[in-house]
1. With θ taken as phi - 60° and the coefficients 6.51, -1.76 and 1.60, list the Karplus ³J(HN,Hα) couplings across segment B:222-228 in order, rounded to whole Hz; mark glycine and proline as x.
2. Check B:Val247: other-chain or 5+ apart residues with amide H under 5 Å from its amide H, H built from backbone geometry?
3. If you place +1 on the Cβ of every Lys and Arg, -1 on the Cβ of every Asp and Glu, and leave all else neutral, what size is the dipole of segment B:167-212 about its Cα centre, to the nearest 20 Debye?
4. Picking from A:Gln86, A:Ala15, A:Met204, whose Cα lies most toward the positive end of the charge dipole for chain A (charges on Cβ: Lys, Arg +1; Asp, Glu -1)?
5. Can you tell me how segment B:107-176 classifies by the Cα gyration tensor, rounded, prolate or oblate, using a/c under 1.5 as the rounded cut?
6. Tell me which DSSP H helices of chain A clear both cut-offs, 15 Å or more of axial length from alpha-carbon atoms and a mean Kyte-Doolittle hydropathy of at least -1.0.
7. Rank the residues A:Lys159, A:Lys174 as a footprinting-exposure proxy: fewest other Cβ atoms within 10 Å of their Cβ go first.
8. For chain A, build the charge dipole from Cβ charges (+1 Lys, Arg; -1 Asp, Glu) around the Cα centre, then report which of A:Ala175, A:Ser32, A:Ser118 sits farthest towards its positive end.
Amino acid sequence: MDNITIQQAQTSREARELFIKAHFPFIIYTVSSVTGRYVVVENDESFSVALEAFNGAIDTYSEGVSKFETYATTVIKNKLIDFYRQQKKHYGHEPLEETIPAPERDDDLRIEIADLSSKLSKFGLSFDDLVEVSPTHQDTREKAITVGIKASKIEWIVKRMHEILKLPVVEVVKAGETTRRFVYSHKDYILTVILVFSEDLTRMQQFVLDSIKGDSHEHQKR
Amino acid sequence: MNIKNVKVMEVKSDYAVVLSSEGTFIRIVLKPGISVGDHIYITEADVYKAEELSISKHTLFSKRAFFSKRTAFTFARMALVSSVVLVFMLFKALSPVAYAVLSVDINPSFQMVVDAAYNVLDVEGKNDEARQLLTEVEWKKGQTATAVLQRILEEVSDNGYIHDGDNHILVAAALIDSKKKDIEPVNQMVESILDQLDYQSFTEGKLIISAISSDHTAIEQSLSQVISIGTYELEKRIAPVEPYIEVNHGQAKKLMPHPIKPNKQNQPEEEVETSPSTADGTDTEETTEVTTSKPEKPSKAPATEEKTNNGNGVPHPSNNNGNNSNNSNNGNNGNGGNGSNGKPNVKPTEPPVETDVSTEMTDATKTTESTVDVSTEASTETVTTNENKGPSDNANENATNKDLNKDKVKP
């Protein structure tokens, strides 16, 4: 996919799709740089405009002038500026920043996140703490999530965890059929997974389940 | 360039925590419009750096402040360097600086360096006895000179150097700053230190303490030689040292309002005074003091003084080198006396040497009577002015020699 050249993308429809997918990160980065905001995964108009501009840049690019990425960046930037000008004209004299449509927010997810944050705090944890304890390797992460999901299915382990306000390592080792060393090394991460799957946090559960399915390229859905 | 789709879990003042689709929690930089629950794309450039975190955790600067990250780092570095320099300067300013040197000759002979607050920076023994005693004296840098001196005197007393009879102690002090010639600060220091001593703790006998001022030259000499500044001063001094405090059975009595009388030896421009003196030795001390109009020739201390140790004077141990004096009375060259020229070559512990009177008597240019002329060897310029100098001064000085030399013998 990475080997598809601009010339191939200009001539073949399939090659163009692959070429665009390969340049998703580039497009997102360019949009974020121009708008100063993060690109929202769903329904981000800026991203749509940029994607359209990128597609147009493939058609209008002629070799020898500059690199394609440089050319595409200029095209995307100009298209986004035009888009914001139109938005400004449409919304009158409001500031440019205000004209950028705010992404739709998932209130259910926000409630779940607030609930999880509250429960974590009872165990003396925060999302900020979890940054440090998140397993680095994909395999380790998946194994920890699997152990946590298994333990969350056993009611008395969850009850015991809320009683002692920490992970019952011995019980989790038995339930997860793993080693004490592994559980102890990732106890905070496993505890968080148990909390997510023992509570009614369906959106969070789905997001975590997606991660162990190796679905790390959701942008491809677009 | 990799991208991740993440869900925003928490938004802090400086960064946000997100959960990636891979199951990791990541800190990302804040951008406008970010909110908890947002499902966004992030790139590697959006990951919050560790060094940025360290700054924000120390709350040096907030991202929402006027400063950019780069500026914040620059200011942080400047602040760090400034604080280091400030601490260094403060340390240097507050660190004790040697202010004066104080010597105590009992004998044993001690010398201490004090700061401007009269706290001890260093103590050393100037002879073997003192060095041996100092091993038993517990003192710490920063203690007051009074406390350390008290402890030294107690140790000296315990070891029998202060006995039940008359004990003479000579205290000498000199400012390290050679530019300061005023005697007042030295007087204040000695008075402050001596007045606070608890004499009852180390003596039941009679203690006669005399004080003398010294100067930067003496400090240099004492550093290069194994003598205290007090010993050095007495080596070159002609005038007797008046006792400042007399202690009887632990009760101190001041004999003078201030420890140190202005020493005219240190004033080279001083006019030579001739005061009437009688042959029967009633010269005043002031007369004796001004005879030394050339302090740069301290070695001219008359050896002939030593012969009249009548024991009624104040300490003057400098004449330990009087055994060289027979060769020193050789006319007006003035520098043959004692053979020391300010460098005393006699240990304080040596007994006084009686000078041959007949040798001095041959010095016809200086003596009109059979009495000893003190000023003869002191300075050729002052010869004529001191012809009538009575023996009483000599007697006083020699008494000092006797007394101190007597003390030098360890019981």
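Nothing in this text is a laboratory measurement; each read-out follows from the coordinates by a stated rule. What you are looking at is a predicted structure, and each value in this text was computed from that prediction instead of being measured. Methodologically, a virtual Cβ is constructed for each residue, glycine included, from the backbone with ideal geometry; neighbour enumeration extends over all protein chains shown.
1. Those phi angles translate into 5, 6, 7, 10, 8, 9, 8 Hz.
2. Residues meeting the criterion, in which the H sits 1.01 Å from N, are B:Leu207, B:Ile208, B:Ile209, B:Lys253.
3. The calculation lands at about 220 debye.
4. A:Met204
5. prolate
6. Helices meeting the span and hydropathy rule in chain A are A:24-35, A:45-60, A:68-90, A:107-122, A:138-152, A:187-198, A:202-212.
7. Ordered from fewest to most neighbouring Cβ atoms within 10 Å, A:Lys159, A:Lys174 come out as A:Lys159, A:Lys174.
8. Ranked along the dipole, the leading option is A:Ala175.
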